[in-house]
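Just below is one structure, and these are the notes that go with it.
The numbers here are math on the coordinates, done by the rules we state, and not lab data. Note that the structure is a prediction, hence the values are computed from the model and not measured. Every residue, glycine as well, gets a Cβ built from its backbone with ideal geometry; the counts of neighbours run over all protein chains shown.
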Amino acid sequence: MNKTIEDFIHFKRLALVGASRSGKKFGNSVYKELTDRGYEIFLVHPEAREIDGQPTYSSLAALKERAQGVLVCVSPAKTADVLREAAAAGIKYLWLQQGAETPEVPALAKELNLNVVVKKCILMYAEPVTSFHKFHRIVARVFGGL
């Protein structure tokens with residue numbers, strides 16, 4: 001497991017960008033799973049005042065408490081803006097769930113001095129790993145992808 005992944009999964013206060021008001025996006029599922037695993041998650045949404053009964057913040061800069069990392073569950077068109085916003089807020093670790101990455105991410109992350117995880121699902125790494133994520137983790141370990 002690489003150091004950025006190890007560092008990120010040990011953080012317990014994370015911001016999540018990409019939960020939806022409808023509750024039907026992957027970001028909402030990740031929010032629930034990580035909260036159940038003991039993480040404190042700050043939901044960031046530019047318009048919603050609350051999601052799933054939890055208050056939201058309009059931006060990473062608006063967080064009252066400092067998040068140690070940002071979990072990004074947005075469309076690729078929004079990813080670069082989230083990276084820039086994280087850098088401006090002083091947050092150096094980001095985890096881009098599958099589908100959020102773009103070809104420009106590595107260069108932008110380097111330019112902004114960010115540590116970024118891409119093409120990995122946090123639910124395969126954040127303990128305790130359960131359900132089908134546990135199976136995926138075993139398969140990844142066997143084939144050298146963990």
Query raised in the report: Can you list the residues, at least 5 places off or on another chain, whose amide H is less than 5 Å from the amide H of Leu43, using H built in the peptide plane?
Result: Leu16, Tyr57
Query - Added length on full extension, which subtracts the Cα-Cα distance from 0.36 nm per residue, Lys64 to Ala88 - result: 7.1 nm
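So what's the net charge close to Lys24: Lys and Arg +1, Asp and Glu -1, counting the other residues with Cβ under 14 Å from its Cβ? Provide the component values of the computation, followed by the final result.
Working: positive: Arg21, Lys25, Lys32; negative: Asp52.
Around Lys24, the charge tally is +2.
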Report task. Please turn the phi angles of the stretch 75-82 into ³J(HN,Hα) values with the Karplus equation 6.51 cos²θ - 1.76 cosθ + 1.60 (θ = phi - 60°), one per residue in order, whole Hz, x for glycine and proline. Result -> 5, x, 5, 9, 4, 4, 5, 5
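Can you give me the relative contact order of the chain as a percent, contacts being Cα pairs under 8 Å and 6 or more apart? Write out the running numbers ahead of the final one.
Numbers: 239 pairs, mean separation 32.3, N = 146.
Taking the mean separation of contacting Cα pairs over the length of the chain, I get 22 percent.
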Query - MRE, 222 nm, helices only [DSSP H, n ≥ 4, -39500 (n - 2.57), over the chain, to nearest 500] - result: -10500 deg cm²/dmol
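Among the listed pairs Lys3/Lys64; Lys32/Lys92; Lys64/Lys119; Lys25/Lys78, which are separated by more than 26 Å between their Cα atoms?
Lys3/Lys64; Lys64/Lys119
Can you tell me what share of the DSSP beta bridges in the stretch 35-115 is antiparallel? A percent to the nearest 5 is fine. If you can, show how the numbers build up before the last one.
On the way: 2 of 8 bridges.
So the antiparallel bridges amount to about 25 percent of the total.
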**Report entry** Selection from Tyr93, Leu123, Ala109, by position along the positive dipole direction of the chain (Cβ)
**Finding:** Leu123
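Roughly what % of DSSP beta bridges within the chain run antiparallel, to the nearest 5? Let's see the in-between values first.
Values: 2 of 19 bridges.
Antiparallel bridges make up about 10 percent of those DSSP assigns within the chain.
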Requested in this report: Scan the chain and hand back the longest stretch that contains none of the GluC sites (Glu not before Pro) lying in DSSP loops with at most 11 other Cβ atoms within 10 Å.
Outcome: 66-146
